Amino acid sequence: MGKKSQVIEKDEVVIRFSGDSGDGMQLTGTLFSDTAALYGNDLSTFPDYPAEIRAPQGTVGGVSGFTVHLGHSEINTPGDYADVLVAMNPAAIKANVRWINQGSTIIYDKDNFSEKNIEKAGYKEDPIKEEKLEDYNIIAAPISSMVKEALKDFGLDPKSVLRTKNMFALGMVYWLFDRKLKYTEDYFEKKFHKKPEVGEANKIALRTGYYYAETIEALTPVRINPAPIAKGKYRNICGNAATAWGFLAAAEKAGLRLFIGSYPITPATGILEELSARKDLGVKSFQAEDEIAGICTALGASFAGNLAVTSTSGPGLALKSEAIGLAVMAELPIVIVNVQRGGPSTGLPTKTEQADLMQALYGRNGECPVVVIAASTPSDCFHYAFEAARIALEHMTPVLLLTDGYLANGSEPWRVPKMSELPEIKPPFAKRDDQPYLPYQRDDKRMVRSWAIPGTKGLEHRIGGLEKTIKGTVSYVPENHEHMVRLREEKVDKVAEKVPDLKVYGKESGDLLVVGWGGSYGHLITSVRELQSEGYEVSLVNFNYIKPFPKNVREIFKKFRKIVVCEINLGQFADYLRMNFQEFIYLQINKVQGLPFTVKEIKEKCIKILEDK
Amino acid sequence: MAESQVTQYSPKDFKSDQEVRWCPGCGDHAVLSAIQKALSELGIPKEKFAFISGIGCSSRFPYYMNTYGFHGIHGRASAIASGVKTANPELSVWQITGDGDALAIGGNHFIHVIRRNIDINIILFNNEIYGLTKGQYSPTSNKGLVTKTSPFGTVEEPFSVGELVIGSKGKFFARTVDGNIALSTQIYIEAAKHKGTSVVEVLQNCVIFNDGIHDVVTEKEVRDDRTIILKHGQPMIFGKGNSHGLILDGLKLKVVKIGEDGITEKSLLVHDAHESNPGIQYMLANMKYPEYPVALGVIRAVPGSTYETAVEEQIKGVQAGSRIKCMDDLLNSGSVWEVK
């Protein structure tokens, strides 16, 4: 295509596509990141959209964004601040101005900067002036009129014509980053094979944008060379899809049918949707009448011998508490996924948070231990969902898997595993000759009861929420209750045998140990690596196994002068560590804004801690 | 095929080794006997039965059955049973519940299992009172009932179980009386054979907290005149010596005396439990003494497709047309690129 006299090479870049929720920014961002991934960049993406399906047009509340961070080296976060902002309207400037780097490139649709839209966004005059962005690299492109002109003889209705605006903008960004259009063009051919005129219109808009960017000579193309990535097959995957696929893989490895009983809730719904689409792999998906029925149908399916999962977010986990208690008493395998969002109550449904940790650990009546695991990147949701299912099935226990809105919706390239690389899963099935079958008899090593599946002759038995003896007889004997309470706790503790050692990123000792858990990994590792390269004696541990803990925690902690626990809440994990490893002093970095950390703030706070006496 | 050979059972094969702990004189004992009798006559291997319950006196039921059993949490038995049946449609799944468990705390699950028409048998013990919590009013207590939480009488309207079942698009509704073991056994067998959600309302006596609540229709001396046992294809006839019957008078049912005003057996309505239009069945389910006799027997039994079968058929259909046969296929489908 076009000639490029001069190309700048860069290591990484953050691009944010932003517009009205109807402007198709999510698709634009996804198409760009797919193209970048196919080219060989490492990347991380994050969509940011309002809770309202169509908030009033043109307002800041209705802005929908999609951020792509791509690089020539390893990328672990979607980036704090954008280098390029595509703004389809004035509200997009308003919503993003604090999230762009000084001097960044802003491409905007000047046709959409009418007086009315400027006012709707809360500006009095030209947003560029009002925000003092004149020195930035501003590209005021007449996007709406250009697509109208390009498609005037095409016979499409005016609404459909304007819908291609996002592709014009994408075309400009492709030219700016020296990308080919082929992947996106193929996408339109496939997507609109029944409406070829719509596909063709989008392709024309894309190319028009590309050539427009070339013609105006206001931009210098940037090249981000491919990243050195391990050999293998790759695909882009978001956290919710990876979670769903982890369960599918576990079901196949265990030779069981997968059953999901769930109720739609943001931001967890994607898991239910993904599994509902997998009838080809035999999934039984049950969209229940409420959260409680979601887990109760799953528990019924577990009793009947399926690999049972239920997915939810914080408020839904609250509703499931009683049934989790039943699963603990009945000692049935089940995985409960909590995709954490801003709380309490309805809180910030579309935003991320890590404030359900205590709920996951303790939010039930009675002594009610479950295994708690947290995933730390969009793609490792696959691994931790698989492990959650493996532990649930092999240890006959509920497992609570924590992800969050940031992981669920974020995506990154993922090296596709082969099923043969994954471990076997062997549930402790009771056998027909295990007679008389005693439902709460355990093996000596792991304290795990055996699983007798209804339909098996001779193993008829009763379980339930009342306290029982080993035989399954209801018992109110005080000593028996304490004995069973302790056995259930011990059984969960024994899962530690399966928990891998905690990994230290950096030196084994030093001035500061940064401690994180779950989804803040990406920002913490990026911060810690930058601090290390600046000469600080800083290392990171990021917990995935929260109950039970890895065995080497104490050994690691004692080798650092200071420990700081970073989490998107007011300090729940720090408190949990204080309970369990009392001999250490825990400093805290906390943020509760519905947003992930930024690398900048983590670094600044860590440096301050290092400088404090 | 020794596996599929069905053993001949007697009711005692379904008795577990647990001591039955209901109050002496409780109606639940009779329900247990009738169900054990019905199960022994169904010809289904014992290991295929699963009894699921919620919370309440009746929900202790699974412990007394020598079958697979799961004693759940309050109100959620319909949901647990839905999961069991959907996961394994080969099982004969029974939900044991009460008026509080099914219609108050579990009302949502109750209406939705019926709407989905999952093939489970719901035996709803209706004693119009909360027994296990010691005597508070329930969603079926008559308006005005004085209980511990309604010392001046309730001010709320009760649910009618049949009305709720039909309103939830229910396909099978029957009513029986705890002590009538012969009728109950027959009804449980019909409920088990019906494909889809079957709801059987058992008028059950709580000897401690609501004793005699159903006596007005179940007492031996009056029951023939105050109840009607409906049989599909039979005229709606009742009373000592088959003295009375039901006819349609305009848009309402009317009790008539045979032999009066030219009424003969031929003038009476004939019960059609299989009619999908629930109009008459709805009126029958709602008949109350003294204006009408209380209807017993299978009031509605309409065939329809069941949820768990539809799920399995959909899976088969999708599998036949999909190129993804296993996880490796899925992992390598769509946009996958290779880094060499």
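The values are calculated or read from the model by the stated rules, or taken from the named source; none is laboratory data. The structure displayed is predicted, hence computed values, not measured ones. Heads up, the Cβs are rebuilt from the backbone with ideal geometry, glycines too, and the neighbour counts pull from every protein chain shown.
Residue by residue through the range A:47-92, note down the ones that are assigned to a loop (DSSP other than H, G, I, E, B) and closer than 30 Å to A:Pro228 by Cβ.
A:His72, A:Ser73, A:Glu74, A:Ile75, A:Asn76, A:Thr77, A:Pro78, A:Gly79, A:Asp80, A:Tyr81
Restricted to the range A:199-241, and to residues there that are of a type in the set (Lys, Arg) and within 11 Å of another protein chain (Cβ to nearest Cβ), the residue that is surrounded by the fewest Cβ atoms within 10 Å (Cβ to Cβ) is A:Lys231. Screening the candidates B:Asp225, B:Asp249, B:Asp261 for the property of being surrounded by fewer than 21 Cβ atoms within 10 Å (Cβ to Cβ) and at pLDDT below 95 yields one hit, B:Asp261.
To keep it simple, each residue is scored yes or no on (1) among the polar types (S, T, N, Q); (2) within 10 Å of chain A (Cβ to nearest Cβ).
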site: B:Tyr9; (1), (2): no, no
site: B:Asp28; (1), (2): no, no
site: B:Leu42; (1), (2): no, no
site: B:Phe51; (1), (2): no, yes
site: B:Ser78; (1), (2): yes, yes
site: B:Val84; (1), (2): no, yes
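It is to be established whether one or more residues within the range A:268-282 are surrounded by 20 or more Cβ atoms within 10 Å (Cβ to Cβ), within 19 Å of the chain's Cα centre (by Cα), within 14 Å of chain B (Cβ to nearest Cβ) and under 26 Å from A:Phe549 (Cβ atoms). Checking the range A:268-282: not a single residue is surrounded by 20 or more Cβ atoms within 10 Å (Cβ to Cβ), within 19 Å of the chain's Cα centre (by Cα), within 14 Å of chain B (Cβ to nearest Cβ) and under 26 Å from A:Phe549 (Cβ atoms).
Before we move on, is A:Val477 crowded, with 21+ Cβ neighbours inside 10 Å and at pLDDT 95 or above? The answer is no for A:Val477. Scanning the range A:343-387 for residues that are aromatic (Phe, Trp, Tyr), in contact with a Ser or Thr (Cβ under 8 Å, 6 or more places away or on another chain) and closer than 29 Å to A:Leu466 by Cβ yields a total of 0.
For the range A:330-340, the condition holds for at least one residue, the condition being that it is within 30 Å of A:Lys468 (Cβ to Cβ), in contact with a Gly (Cβ under 7 Å, 6 or more places away or on another chain), in contact (Cβ under 8 Å) with a residue 12 or more places away in the chain and within 14 Å of another protein chain (Cβ to nearest Cβ). For the range A:359-370, give me each residue that is within 20 Å of the chain's Cα centre (by Cα) and over 14 Å from A:Thr312 (Cα atoms). None; the set is empty. Listed by position, the strands (runs of 3 or more DSSP E) inside the range A:231-290 whose residues that are within 23 Å of B:Asn88 (Cβ to Cβ) and either at pLDDT 95 or above or among the basic types (Lys, Arg) (or both) number at least 3 are A:258-262, A:284-287.
For every residue, the table says whether it meets (1) at pLDDT 95 or above; (2) hydrophobic (A, V, I, L, M, F, W, C); (3) over 19 Å from A:Pro221 (Cα atoms); (4) within 26 Å of the chain's Cα centre (by Cα).
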{"site": "A:Arg98", "(1), (2), (3), (4)": "no, no, yes, yes"}
{"site": "A:Ile118", "(1), (2), (3), (4)": "yes, yes, yes, no"}
{"site": "A:Ile139", "(1), (2), (3), (4)": "yes, yes, no, no"}
{"site": "A:Pro142", "(1), (2), (3), (4)": "yes, no, yes, no"}
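For the range B:86-107, a tally of residues being closer than 17 Å to A:Ala298 by Cα and within 8 Å of chain A (Cβ to nearest Cβ) returns 4. Annotation for the range B:183-190: no member residue is of a type in the set (Gly, Ala, Ser), more than 15 Å from B:His271 (Cβ to Cβ), within 22 Å of the chain's Cα centre (by Cα) and not in a helix (DSSP H, G or I). Among the residues of the range A:397-421, those identified as aliphatic (A, V, I, L, M) and surrounded by 24 or more Cβ atoms within 10 Å (Cβ to Cβ) are A:Val399, A:Leu400, A:Leu401, A:Leu402, A:Leu407, A:Ala408. Across the range A:440-459, the number of residues qualifying as buried (at least 21 other Cβ atoms within 10 Å of the Cβ) and closer than 18 Å to B:Thr67 by Cβ comes to 3.
A count restricted to the range A:408-436 and to residues that are within 14 Å of chain B (Cβ to nearest Cβ), touching an Asp or Glu at 6+ places or on another chain (Cβ under 8 Å) and either assigned to a loop (DSSP other than H, G, I, E, B) or of a type in the set (Gly, Ala, Ser) (or both) stands at 2. The single condition from (1) in a strand (DSSP E or B); (2) acidic (Asp, Glu); (3) within 41 Å of the chain's Cα centre (by Cα) that B:Glu308 fails is (1).
Here the condition is being under 17 Å from the mean Cα position of the chain (by Cα) and of a type in the set (S, T, N, Q); of B:Asn142, B:Asn180, it holds for B:Asn180 alone. For the range A:27-59, taking the residues that are within 11 Å of chain B (Cβ to nearest Cβ) and of a type in the set (Asp, Glu), the one that is farthest from A:Lys191 (Cα to Cα) is identified as A:Asp42. Would you check which residues across the range B:9-53 are of a type in the set (Phe, Trp, Tyr) and outside any helix (DSSP H, G or I) and list them? Selection gives B:Tyr9, B:Trp22, B:Phe49, B:Phe51. Taken over the range A:462-472, residues that are in a loop (DSSP other than H, G, I, E, B) and either within 7 Å of another protein chain (Cβ to nearest Cβ) or basic (Lys, Arg) (or both) amount to 3. If you go through the range A:306-325 and keep only what is surrounded by fewer than 24 Cβ atoms within 10 Å (Cβ to Cβ) and either facing another protein chain (nearest Cβ under 8 Å) or over 26 Å from the mean Cα position of the chain (by Cα) (or both), you end up with A:Glu322, A:Gly325. Looking at the structure I just gave you, is A:Val495 in a strand (DSSP E or B), of a type in the set (A, V, I, L, M) and either within 14 Å of chain B (Cβ to nearest Cβ) or buried (at least 22 other Cβ atoms within 10 Å of the Cβ) (or both)? Answer is no for this residue.
Of the listed requirements (1) within 14 Å of chain B (Cβ to nearest Cβ); (2) under 30 Å from A:Lys426 (Cα atoms), A:Ser475 misses just one: (2).
Report those helices (runs of 4 or more DSSP H) wholly inside the range A:103-197 carrying at least 3 residues which are farther than 24 Å from A:Gly40 by Cβ.
Once the helices (runs of 4 or more DSSP H) in the range A:103-197 are filtered for at least 3 residues that are farther than 24 Å from A:Gly40 by Cβ, what remains is A:115-120, A:127-130, A:143-150, A:158-162, A:165-176.
Out of all the residues in the range B:322-335, which are part of a loop (DSSP other than H, G, I, E, B), modelled with pLDDT of 90 or more and at the interface with chain A (Cβ under 7 Å from one of its Cβ atoms)? Result: B:Ser322, B:Ile324, B:Cys326, B:Asn332.
Step by step: first the residues of the range B:53-76, then only those that are facing chain A (nearest Cβ under 7 Å), over 17 Å from the mean Cα position of the chain (by Cα) and farther than 18 Å from B:Val200 by Cβ, then the one that is surrounded by the most Cβ atoms within 10 Å (Cβ to Cβ). Which residue is that? Only one residue tops the list, namely B:Gly72.
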